[in-house]
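The values are calculated or read from the model by the stated rules, or taken from the named source; none is laboratory data. Being a predicted model, the structure only gives us computed values, none of them experimental. Cβ sites come from the backbone with ideal geometry, for glycine too, and all protein chains shown count toward neighbours. The area values use the complete protein model at the heavy-atom level, side chains included, leaving out ligands, DNA and RNA. Shrake-Rupley method; radii C 1.70, N 1.55, O 1.52, S 1.80 Å.
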Amino acid sequence: MAVRTPSSRIRRAVAPLALCAGLTVGLTACGADPDEGTNGVGKLSAPEIEQKAQTAADAAKAVRLSGTLVSKGGTFKLNMRLKQDGAAGSVTTKNSTFELLRIGDALYLKADADFWAHDDKATDEPSEADTEAADKLDDMYVKVPQGDPTYKQFRGFTDMDVLLGGLIGLHGEKVKGDRDQIGGVRTIKVKGGAEGEGGTLDVALEGSPYPLQFARGGGAGVVVLSEWNKDFPLAEPSKEETLDYGKQLPRS
């Protein structure tokens, strides 16, 4: 004789299965191992994860850095490809966008006429002479002399070690945060302080534990780090598109 299972028993058996089916997108749903298929970094402590990310970044030969940085000098939007011996990309400020190209110690700046004609601190409109001079620099690569006061500032945007050194380090007690995805790659967050007041770092859980995103504390900008270890070509601009002013850049 067949034994019929009471409907209440069926409901009790099916309910957990339905719940599990509805939570398949959750990494920890129904006992699933959130570290399955990862590089295992998620199992480490927050300081250990940060160190793994730092070690991976230090060993990398190239990276793309894009995002926004806020400092006392203003807000900068960066889109730079960086490697140890050079870089190429663009920087956008409140009033202008300019391109930077560095090959070894040779640094080139490329901008439109408005960049050269206007001084961010100036209140007056540029003179006719300033405008004419700026027109000659429009869309040309201007070699930045190493003795010019702006050389160090501009070079800082092209120095892989300088930029990464200032972005990856967290301040305060290290705390593990939530899991997330950056560019389709699973990540684990590490925060500086309980609320991330010392910055929040997303570290890859797939492949090498590269840092993939850094949010600076206090809303001071977010940068995305991608194309790790992907080399790219750098070439000196032609003589026809280059201007060399010797020891000092032209002043408007």
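How would you order 36-46, 233-243, 212-222 from highest to lowest mean count of nearby Cβ atoms within 10 Å?
Highest to lowest by the protection proxy: 212-222, 36-46, 233-243.
Check which residues have an amide H placed less than 5 Å from Tyr245's amide H, if you skip close sequence neighbours.
Lys143
Please give the length that would be gained between Gln153 and Asp58 if that part of the chain were fully extended, namely 0.36 nm times their separation in residues minus their C-alpha to C-alpha distance (nm, one decimal). Don't skip to the answer; put the middle values down first.
On the way: separation 95, 0.36 × 95 = 34.20 nm, distance 2.23 nm.
Separation in residues times 0.36 nm, less the Cα-Cα distance, equals 32.0 nm.
Could you work out the Rg to Rh ratio of segment 44-239, with Rh taken as the Kirkwood radius (inverse of the mean 1/r over all Cα pairs)? Walk me through the intermediate numbers first.
Details: Rg = 18.8 Å, Rh = 18.1 Å.
With Rg and the Kirkwood Rh in hand, the quotient comes to 1.04.
Given a Förster radius of 22 Å and the C-beta distance between Glu99 and His171 as r, what FRET efficiency does 1/(1 + (r/R0)^6) yield to the nearest 0.05?
Efficiency computed from Cβ-Cβ geometry: 0.10.
Restricting attention to segment 44-116, which trypsin sites (Lys or Arg not before Pro) occupy a DSSP loop and are surrounded by at most 12 other Cβ atoms within 10 Å?
For trypsin sites (Lys or Arg not before Pro) across segment 44-116 that sit outside H, G, I, E and B with at most 12 neighbouring Cβ atoms in 10 Å, the list reads Lys72, Lys94.
Using all C-alpha to C-alpha distances in segment 133-209, build P(r) with 5 Å bins and read off the rounded percent in each one.
3, 13, 13, 14, 15, 9, 7, 9, 10, 5, 1
On the accessible surface of segment 44-239, probed at 1.4 Å, how many percent belong to carbon and sulfur atoms?
Carbon with sulfur: 48 percent of the solvent-accessible area.
Strictly over 21 Å apart at the Cα level, which of Lys83/Lys239; Lys110/Lys136; Lys152/Lys189 would you flag in this model?
Pairs exceeding the cut-off: Lys83/Lys239; Lys152/Lys189.
With θ set to phi - 60° and the Karplus curve 6.51 cos²θ - 1.76 cosθ + 1.60, what are the ³J(HN,Hα) couplings of segment 59-75 in order, to the nearest whole Hz, using x for Gly and Pro?
8, 6, 9, 7, 6, 9, 10, 9, x, 10, 10, 10, 9, 4, x, x, 10
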